[in-house]
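Everything on this sheet refers to the single structure shown next.
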Amino acid sequence: MAINSISFSGSLFGQAVLNLNNQLTNLSTQLATGEKSTTYSGMGIGESFAIAAREQLSNISAFTNTITNVNTTIGAENTALQSLSTIATTVQNDASTTSQDLNSNGQTIGQQNAQAQLGSMIGILNTQVGDRYIFSGSAIGTPSVVTSSELLDGTSTQAGLTQLIAERAVADGTTGLGRLVISSPNTVTTGTPPTTTSTTSFSVSEDSAGSPFGLKLGAVSSTLTGATVSGPSGSPASVSFSLGSTNPSPGGQVTLNFDLPDGTTSSVTLTASSQNPPPSGTFSIGATPAATAANLNSALNTAIGTLANTQLVAASAVAAGNDFFDPSSSATGAVATNQQTPPQAITSATALTGVAGTNSLSASFASGDTITVNGTTISFSATKPTSTSGSPYVINTTSGTVGNLLSAIDSITGTSTPSSIDGGAVTINTPSAASFSISASSLTAQNALAALGFSQAAGTATTTAGVTTVTAIQPPLRVSTSGAVTGAASVDQQTTPQAVTGATALSGAAGSASLSTGFANGDAIAVNGTTITFSTSSPTSLTGPTYNIDPTTGTVGNLLSAIDSITGGSASISGGAITINTPNAANFSITALSSDPNAQAALGALGFSSASGTATTTAGGTNITAGATKLVNGSADTVAWYTGNNSSDPRTSVNALVDSGISVQYGIQANEQAIRQQLQGIAVYAALTESPTGTNSAAQAAALSTRVATNLTSQPGQQQISDIQTDLANAQTTMQAATARQTQTQTQLQNMVDSTETVSTEQVASQILAIQASLSASYQTTSMLSQLTLTKFLSGGL
């Protein structure tokens, strides 16, 4: 029998040695890497939990980065907000404490400092953190505010704040009385000598009802004996003064209160005085009540003039700032809608009564009117309900329509085919044309029937197949055997007037595209003293030296061209609002010659409510607004100072997820109330200039300084810078809490991963030493076995 050699690798002992060697290799790898295995399978059964934990750790890392970035942004926001508060406080202190002396540029030291601070404030509002503009809301790639130059001075095509202030200043009136009119005293004597009674009266009135410009009359009070002071009343508002047969006693006072454009109030108080000359704030008691009235009238002119040239100037500048900065305070006035337009076709919904501009007949039925159809009466009543089926026939004048009237007529005629309206043409169907008749009981009812197309008592019948059609259209139509006859559409329905355009005719009948009150042959107006006539016998001439427009063919555009030739400007119309440009606003005037009431009414239809237009300065010229009684939408030609995103809730415009299901909002917009009011106050203070040598300039500057100091003071109920900072602090608190939770969770998750995937180097080193000892013994045994032979085995030796 043969004896084979022992195979080491195939023996159990050899396999054990190989296993120990593999363990040593694995442990050496673990000792070097600190991980259990380089493969997921080698990690053990807990690796699935470690994988999930590692994903959560990655999310926490992302949240941590987000929180770091948001905290950086909020830190910059807080720093910027604090700087804004510091700037506002500095300007407020300057307005309150610095001298009101004007430099050669017409500004105080405080105003000059405000210009520099305005530039700094705009720079802060355009702060970037990384590539994000932090005061633009969600529009992070857009600067929040235009440059200080654009904001104040505008661009070549858009007006800035300085222009708006100048416009409003001129709109407050060029007479120096703040758009108030003080009439001259008028003495009226009544009775028969020697029992005559003399009364001297005058009034202080606003020049236009509803105008947002100038001084507005408030409450009036008087302790003047022998005098009656009443008002304000009427439209436009007026206060009347009347002195009777006795002079007021010394010490009597009269006080007029005024509302200013910025919402503040001011007053003028005058005291009757027997001193000569009278002290400031008084008026002289004259030898007669008439003389006293003249003195009071003169004193009011002086006192109101001072108020208009001081407090009003400052208040108007602040109001212009409101219009420029605060969109909620911007007012859009109604455009000129005096152009008559072709009325629309009647429909069944057209009301039987109504005023001009409503969907109603141009001639209305009145309560008490009746008409008779085929001998049956239809009455019109303001109190009875509409009944179109008889017993009796009644149509309510406040709610009745053309459709109701046709239904009643159909009920009377007994037609099986209802009457209809097509394109304004009324078609009445009746089984018997010969017997159909319609008549009115009064002139108003006749006119209303005429508005429906009936110009005589009976309708005009035309035979059709099966029925007879009565067309309510005149002139009378010839009978046709070819079918129903349809006349021209009735267009007596009144509609809302449209805005004036350059093509609007200067005269025309109702229903034409013309002024509601047109210029007539023989009318004349004067522009800056130059006459423009309206004559059909002279050719139209728009360039002088003689200006004439044919009122039957002339347009508003022709008139504006003539005005441009006189003023040297360039007029335009936008949305019905007329803008006339002239190099000299103070000298501009437009009047109807010889107090022609028709020409005055035509000027009124164009928007001029007084003899002279109200001038407002624009870039390159002077803008005269027709009537200057309203504010118009200036979005197309005015600088938009804020260029960021406009959200109703600025904080939510920028948000970040800082934890699972938890986000923070930290957006800021430069147009927020707290920021906007500071920017507005500083900009208005920096924009207004006064005449360095003006009599009232120092008082204007003082009035503005007082308002700026007040407006830069936080008011109860208004947003403050600290409110924004509180919101940001709340966001930081939320992130701080999220960070604390994430830190705790991160520790737990990392422990889970470590326990699953990492090893203890001390334990591995110990295991390696034990395995190395085992391998050493194994290798020694292997060496001995490798030297074993059969001879040695049989001899019993190794």
hull vol. (C-alpha, convex hull) per residue for the range 153-238, Å³ -> 125
Averaged per residue, the 1.4 Å probe accessible area of the range 93-226, protein heavy atoms only, in Å², is roughly 44
The equivalent-ellipsoid semi-axes of the range 89-194, taken as the square roots of five times the Cα gyration tensor eigenvalues and listed largest first in whole Å, are 49, 20, 13
Taking every C-alpha to C-alpha distance in the range 504-549 and binning by 5 Å from 0, the per-bin percentages run 5, 23, 25, 23, 16, 6, 2
Taking Cα atoms only, Rg over Rh for the range 625-743 with Rh from the Kirkwood formula is 1.16
Largest first and rounded to whole Å, the semi-axes √(5λ) derived from the alpha carbon gyration tensor of the range 159-304 read 32, 17, 13
Averaged per residue, the 1.4 Å probe accessible area of the range 274-325, protein heavy atoms only, in Å², is roughly 36
With the dipole of the range 645-725 defined by +1 on each Lys or Arg Cβ and -1 on each Asp or Glu Cβ, the option from Y666, T695, S705 whose Cα lies farthest towards the positive pole is T695
Mean Cβ-within-10 Å packing, highest first, puts peptides 736-745, 443-452, 535-544 in the order 443-452, 736-745, 535-544
On each of the three principal axes the extent of the alpha-carbon atoms of the range 105-157, given in whole Å and largest first, is 40, 27, 14
Mean Cβ-within-10 Å packing, highest first, puts peptides 409-415, 138-144 in the order 409-415, 138-144
Projected onto their principal axes, the Cα atoms of the range 227-269 stretch, largest extent first, over whole-Å spans of 40, 25, 7
Burial-style ranking of 313-321, 62-70, average other-beta-carbon count within 10 Å with highest first, yields 313-321, 62-70
Rg from C-alpha atoms of the range 345-441, normalised by the globular rule of thumb 2.2 N^0.38 Å, equals 1.03
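The values are calculated or read from the model by the stated rules, or taken from the named source; none is laboratory data. Given the structure is predicted, the values throughout are model-derived calculations rather than measurements. A quick note on method: Cβ atoms are made from the backbone with ideal geometry, for glycine too, and the neighbour counts reach across all protein chains shown. The area values use the complete protein model at the heavy-atom level, side chains included, leaving out ligands, DNA and RNA. Shrake-Rupley method; radii C 1.70, N 1.55, O 1.52, S 1.80 Å.
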